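Quick notes on the structure that follows.
What follows draws every value from the coordinates through simple rules; no lab data is involved. Keep in mind it's a predicted model, so treat the numbers as computed, not measured. When we count neighbours, we look across all protein chains shown, and the Cβ atoms used for this are built from the backbone with ideal geometry, even at glycine.
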Amino acid sequence: MKIDRLIGILSVLLQEEWTTAPKLAERFEVSRRTINRDIEDLCKAGIPIYTAQGTGGGIRIMDGYRMDRALLTSKDMQMILAGLRSLDSVSGSRYYSRLMEKIKSGSSDFVSGRDYILIDLSSWYKDTLTPKIGLVQDAIEERALLTFHYYAPNGDSIRTIEPYYLVFKWSSWYVWGRCTAKEDFRLFKLNRMDELIKEKTVFVPRQVPAPDLSVEKIFPGEIKVKALFSNACKWRLIEEFGIHCFTEQEDGSLLFMSDYTDKENLLTWLLTFGDKVQVIEPVEVKDELISIAKNIIHEYEER
């Protein structure tokens, strides 16, 4: 793509004193004529590029622009490359890897051995998730309606939306779009979406409110939880809720206090700790856990 090539050429010029059209043509696998047109476009965009013909000539950014070379320092470039690499972790086309190679200048600062930030956004469901991400991206770019089967706590449904944003948050991928049935904007989790269809019908983009991705908005803490955990659960509580979510007792047990959004999810979460947790509050959650435990015993006794 032309814009990618222009970014790559600008990156080279910001980091090298001189280069030549033949070198750029070979690097980006295009003709010298194409490189010359690209240089003209960069000049039109306000980049002061100087060219000289003959022996010792070449292409460079004028000296007066030298201060802006700091825009792509080694550290900055590492941040850019890390970001591109993270996007490539969910892309099946390796598009971002190719773009990353175009942006690299060939300097020894950027060889793979110096990469110290590695970001992988892929999930356990990469094989099924990657095609979904690609389809959603296409639908957003083409302004095409998106229809899918959606699995939610309150039941299954067929949804059609105007997709606007692809969001990565809370270690999961989401689509922010306007649901045609609810006539309102909703956040849909990709792992709960199935049988995605990019419709031929296109929509006229409207004013889109930015999604409120705050924890308080998406996960309102309506249930006050108080429980005693075994000390063996410390690592997991810290990983999931932070270092300040519990108080260590004299006997080594952990007094956990936090807010939770959904009772069903809370029950499921507590059950994963087996006998290493004792719920104190809410009483109704404690009673439901006892009932579930009795039902489990009954199921095994029946067999």
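Starting from the Cα of Glu26, step 7 Å along the direction of its Cβ; do the same at Leu196; then give the gap between the two resulting points in nm.
Those two pseudo-labels are separated by 4.1 nm.
For the pairs Lys234/Lys263; Lys132/Lys200; Lys189/Lys294, note any where the Cα-Cα span goes beyond 26 Å. Present the calculation step by step, with values, prior to reporting the outcome.
Working: Lys234/Lys263 22 Å; Lys132/Lys200 17 Å; Lys189/Lys294 34 Å.
Violating the 26 Å Cα-Cα cut-off are Lys189/Lys294.
Got a sec? How would Glu183, Glu162 order by Cβ neighbour count within 10 Å, fewest to most?
Numbers: Glu183 7, Glu162 21.
Ascending number of Cβ neighbours within 10 Å: Glu183, Glu162.
May I ask you to order 238-246, 200-208 by the average number of other C-beta atoms within 10 Å around their residues, highest value first?
Top of the packing list down: 238-246, 200-208.
So if I average 1/r over every pair of distinct C-alpha atoms in segment 126-215 and take the inverse, what Kirkwood radius in Å does that give?
Values: mean 1/r = 0.0757 Å⁻¹.
For segment 126-215, inverting the mean 1/r across all distinct Cα pairs yields 13.2 Å.
Taking a quarter of the surface of the Cα convex hull of segment 196-303, what do you get in nm²? Walk me through the numbers before you get to the answer.
Values: hull surface 48.2 nm².
Across all orientations, segment 196-303 yields a mean hull projection of 12.0 nm².
Sorted by mean Cβ packing within 10 Å, highest first, what order do the peptides 139-148, 273-282 take? Spell out each step's value before the answer.
Values: 139-148: 18.3, 273-282: 14.5.
Highest mean packing first, the order is 139-148, 273-282.
Which ³J(HN,Hα) values, rounded to whole Hz and listed in residue order, are derived for segment 226-238 from phi using the Karplus coefficients 6.51, -1.76 and 1.60 in 6.51 cos²θ - 1.76 cosθ + 1.60 with θ = phi - 60°, glycine and proline given as x?
9, 8, 9, 10, 5, 4, 5, 8, 4, 4, 6, 4, 5
Could you give each residue of segment 257-269 its phi-based ³J(HN,Hα) in whole Hz, using Karplus coefficients 6.51, -1.76, 1.60 with θ = phi - 60°, and x for Gly or Pro?
9, 7, 9, 10, 8, 10, 5, 4, 5, 5, 4, 4, 5
Provide the gained length on full extension for the span Trp269 to Arg37, in nm with one decimal, where the gain is 0.36 nm per separating residue minus the Cα-Cα distance.
Values: separation 232, 0.36 × 232 = 83.52 nm, distance 5.99 nm.
Length gained between Trp269 and Arg37: 77.5 nm.
Mind listing the phi-derived Karplus ³J(HN,Hα) values for segment 162-177, rounded to whole Hz, using 6.51, -1.76 and 1.60 with θ = phi - 60°, and x for any glycine or proline?
8, x, 10, 9, 9, 10, 10, 7, 6, 6, 9, 9, 9, 10, 9, x
How many angstrom separate the Cα center of segment 167-212 from the Cα center of segment 18-33?
42 Å
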